[in-house]
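K.L.:
Let me begin by handing over the structure; questions about it come next.
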Amino acid sequence: ETIKLVVPKPTRELVLNALALDVGAAALDDKPMAKGAIKLDRKAEILRISLPNELAPGKHVLVLRFSGKINQQGQGLFFCRYQEEGTGAAKLMLGTQFEATDARRMFPSWDEPSFRARFQLTAIVPQNWLAISNMPVESETPVQGGKEVRFGTTPPMASYLNVFVAGELESVEALTDGVQIRVVTTKGKSQWGQYALESSVKILQYYNEYFGVPYPLPKLDQIAIPGGFGGAMENWGGITYFESILLFDPQKSSDKTKESVFAVLAHEMAHQWFGDLVTMAWWDNLWLNEGFASWMGTKCTAHFNPEWEVWSRRNIPRSPWRRAGVAKEQAMEGDARSTTHPIQQPIQTEAEANSAFDDITYQKGQSVLRMLESFLGEETFRDGLRRYMAAHKYSNTTTADLWNSLGEASGKPITEVAADWTEQPGYPLVKIQRDADDAVSLSQERFAVNYRNPFPLEWQIPLTYSVIGEPAASKLMSGKTATISGVPAGRPLKL
């Protein structure tokens, strides 16, 4: 590994992330380092390289030689065994899974989201294997026992978005808006990627127009992996999926599978902008990635498939103790209890980052964004997102940056409103009472279940209401109580 460094101030030590790696040698500016100068703290996942002399500010080159394990589970670089479709032959392929903090299992790096770098990967694989990474292949050179594949250099990005997949693979492909899109599968399964390919073309065109920033890479691979990890991962330019999530057989797959494939594609492709092009500065802002992709993916799915009614689709079966099972209510169930946490929760260590992937981050995050879109209006909300994207592309952000962009676009106090919903746990119950003088009184309190004496909180609540037969109106409830006037007695009121 060769790392080009820019050193801002004099230092006697280089500190990187590494995990489960054996670093055998290091050289700085072509000068070999003593073996004793290289120390790996396995518990802290830190590689320390002590320097013999103070390193001056400026540009330097660090070269590391290391070896590591190819894992069987989906952490870092992993392999999976599978049976080839049609032949039943036993096969093996490689894949990667780096989020949240497992890029350091494949190569020493600054493995935190705020450290953006350009990455250029070269790999040696068997001659009959297809190798895939974030960027297109620049060159293939025959070598003893296989071929050397060199990929193009990525834009500046976070380490966890790297990807490497290799095996006996095939694909179906299309070109749209200048981007080469492929759905990649193991041999014998590419025909089941046709629906994902057609959907990807539509979704990419929609997002290019919505965000106002075209997808910035020359290609996008949707990669079906038959084992090793579950779910999907938004690696920039090379999204990986457990194959049952990506593939659709028109002869055998259900309508529910078809809906799920589109929804997951829309979610992961939204990340190519929100998460990849613009990345949260630290894992306490994970909801910026996941809540946004959940909202955007559902919005996109509803746009193309209104008959699916995805906003009210049940994610889990109805049961006597679960009223509906829609995504919002999944989050509300947990958010009403004492064990909840704010959307934007403190994450102190990398180990804590993995615990943040939950219903509050995803489902509550998307529901709050949908509420704010309704409060500001669709066009104003999109204008704010375009401002945010243009201002912070190839960079890192916090939640405050998003609120600032939406506030500039709308002229409304979005920072104060949104903070109540993202920095506090729980949610309010609004009680409504008709008064005698054509007015309605509102009061709010924290809603809780099996939670004795919850800490009292208040929210600024965007309310939309209508008197039957009249246009809908909106009101920002900014205190414990509020009043809506001009509601004639006997006229139904909907909030």
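K.L.:
Could you give every pair whose Cβ atoms fall below 9 Å, whose first residue belongs to region 88-108 and is over 25 Å from GLN348 (Cβ atoms) and at pLDDT 95 or above, and whose second residue is assigned to a strand (DSSP E or B) and basic (Lys, Arg), counting only separations of at least 6 or pairs across chains?
P.N.:
Close Cβ pairs (under 9 Å, with a partner that is assigned to a strand (DSSP E or B) and basic (Lys, Arg)) amount to ALA90/ARG81; LYS91/ARG81; LEU92/ARG81; MET93/ARG81.
K.L.:
Can you tell me which condition SER171 does not meet? The list is (1) buried (at least 18 other Cβ atoms within 10 Å of the Cβ); (2) out of contact with any strand residue (DSSP E or B) (no Cβ under 9 Å at 6 or more places or on another chain), and all the others hold.
P.N.:
(2)
K.L.:
Taking strands (runs of 3 or more DSSP E) that fall entirely within region 125-217, which contain at least 1 residues that are without any contact (Cβ under 8 Å) to a residue 12 or more places away in the chain and among the aliphatic types (A, V, I, L, M)?
P.N.:
It comes to 169-176.
K.L.:
Might you let me know whether region 406-414 holds any residue that is in a helix (DSSP H, G or I), closer than 25 Å to ASP335 by Cβ and of a type in the set (Ser, Thr, Tyr)?
P.N.:
No, the conditions are met nowhere in region 406-414.
K.L.:
Something else about it: For region 75-87, what are the residues that are small (Gly, Ala, Ser) and either under 25 Å from LYS39 (Cβ atoms) or at pLDDT 95 or above (or both)?
P.N.:
The one that is small (Gly, Ala, Ser) and either under 25 Å from LYS39 (Cβ atoms) or at pLDDT 95 or above (or both): GLY76.
K.L.:
I would also like to ask the following. Take region 300-341 and flag every residue that is within 19 Å of ARG446 (Cβ to Cβ), in contact with an Asp or Glu (Cβ under 6 Å, 6 or more places away or on another chain) and modelled with pLDDT of 90 or more.
P.N.:
none
K.L.:
While we're on this one: Can you tell me which residue is modelled with the lowest pLDDT among those in region 144-168 that are open to solvent by 50 Å² or more (accessible area, probe 1.4 Å) and out of contact with any Lys or Arg (no Cβ under 9 Å at 6 or more places or on another chain)?
P.N.:
By that ranking, first place goes to GLY145.
K.L.:
Go through region 347-404 residue by residue and tally those that are within 30 Å of ILE46 (Cα to Cα) and outside any helix (DSSP H, G or I).
P.N.:
Qualifying residue count for the region: 11.
K.L.:
Could you please find all residues in region 435-452 being basic (Lys, Arg) and modelled with pLDDT under 90?
P.N.:
ARG452
K.L.:
Is it the case that GLN120 is modelled with pLDDT of 95 or more, open to solvent by 60 Å² or more (accessible area, probe 1.4 Å) and either part of a strand (DSSP E or B) or of a type outside the set (D, E, K, R) (or both)?
P.N.:
So GLN120 fits the description; yes.
K.L.:
State whether one or more residues within region 369-377 are at pLDDT 90 or above, out of contact with any Cys (no Cβ under 6 Å at 6 or more places or on another chain), over 18 Å from ASP420 (Cβ atoms) and surrounded by fewer than 19 Cβ atoms within 10 Å (Cβ to Cβ).
P.N.:
Within region 369-377, one or more residues are at pLDDT 90 or above, out of contact with any Cys (no Cβ under 6 Å at 6 or more places or on another chain), over 18 Å from ASP420 (Cβ atoms) and surrounded by fewer than 19 Cβ atoms within 10 Å (Cβ to Cβ).
K.L.:
Looking at PHE115, PHE66, which one is aromatic (Phe, Trp, Tyr), more than 24 Å from GLY188 (Cβ to Cβ) and either open to solvent by less than 60 Å² (accessible area, probe 1.4 Å) or touching a helix residue (DSSP H, G or I) at 6+ places or on another chain (Cβ under 9 Å) (or both)?
P.N.:
Exactly one residue qualifies, and that residue is PHE115.
K.L.:
For region 236-259, indicate whether the set of residues that are among the basic types (Lys, Arg), farther than 25 Å from SER294 by Cβ, surrounded by fewer than 22 Cβ atoms within 10 Å (Cβ to Cβ) and in contact (Cβ under 8 Å) with a residue 40 or more places away in the chain is non-empty.
P.N.:
Among the residues of region 236-259, not one is among the basic types (Lys, Arg), farther than 25 Å from SER294 by Cβ, surrounded by fewer than 22 Cβ atoms within 10 Å (Cβ to Cβ) and in contact (Cβ under 8 Å) with a residue 40 or more places away in the chain, which makes the answer no.
K.L.:
Take ALA353 and tell me if it is under 17 Å from the mean Cα position of the chain (by Cα) and at pLDDT below 80.
P.N.:
yes
K.L.:
Shifting gears a bit: Hey, could you check region 24-61 for residues that are part of a strand (DSSP E or B) and basic (Lys, Arg) and say which is surrounded by the fewest Cβ atoms within 10 Å (Cβ to Cβ)?
P.N.:
Per the stated criteria, the residue is LYS59.
K.L.:
Could you grab me the full set of residues in region 174-211 that are of a type in the set (D, E, K, R) and surrounded by fewer than 21 Cβ atoms within 10 Å (Cβ to Cβ)?
P.N.:
Result: ASP177, LYS187, GLU198, LYS202, GLU209.
K.L.:
Further, regarding this structure: If I filter region 40-68 down to residues being basic (Lys, Arg) and at pLDDT 95 or above, which single residue comes out as nearest to GLN97 (Cα to Cα)?
P.N.:
Checked region 40-68; the qualifying residue nearest to GLN97 (Cα to Cα) is ARG65.
Conditions tested, residue by residue: (1) within 30 Å of ALA391 (Cα to Cα); (2) of a type in the set (Gly, Ala, Ser); (3) surrounded by 15 or more Cβ atoms within 10 Å (Cβ to Cβ).
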site: PRO413; (1), (2), (3): yes, no, no
site: ALA419; (1), (2), (3): yes, yes, yes
site: TYR427; (1), (2), (3): no, no, yes
site: ILE432; (1), (2), (3): no, no, no
site: SER443; (1), (2), (3): no, yes, yes
site: VAL467; (1), (2), (3): no, no, yes
site: LYS475; (1), (2), (3): no, no, yes
site: GLY486; (1), (2), (3): no, yes, no
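K.L.:
Mind checking which residues of region 445-465 are crowded, with 16+ Cβ neighbours inside 10 Å and without any contact (Cβ under 8 Å) to a residue 24 or more places away in the chain?
P.N.:
ARG446
The values are calculated or read from the model by the stated rules, or taken from the named source; none is laboratory data. Owing to the predicted nature of the structure, the values given are computational and were not obtained by experimental measurement. Virtual Cβ from ideal backbone geometry, glycine too; neighbours counted across all protein chains shown. The area values use the complete protein model at the heavy-atom level, side chains included, leaving out ligands, DNA and RNA. Shrake-Rupley method; radii C 1.70, N 1.55, O 1.52, S 1.80 Å.
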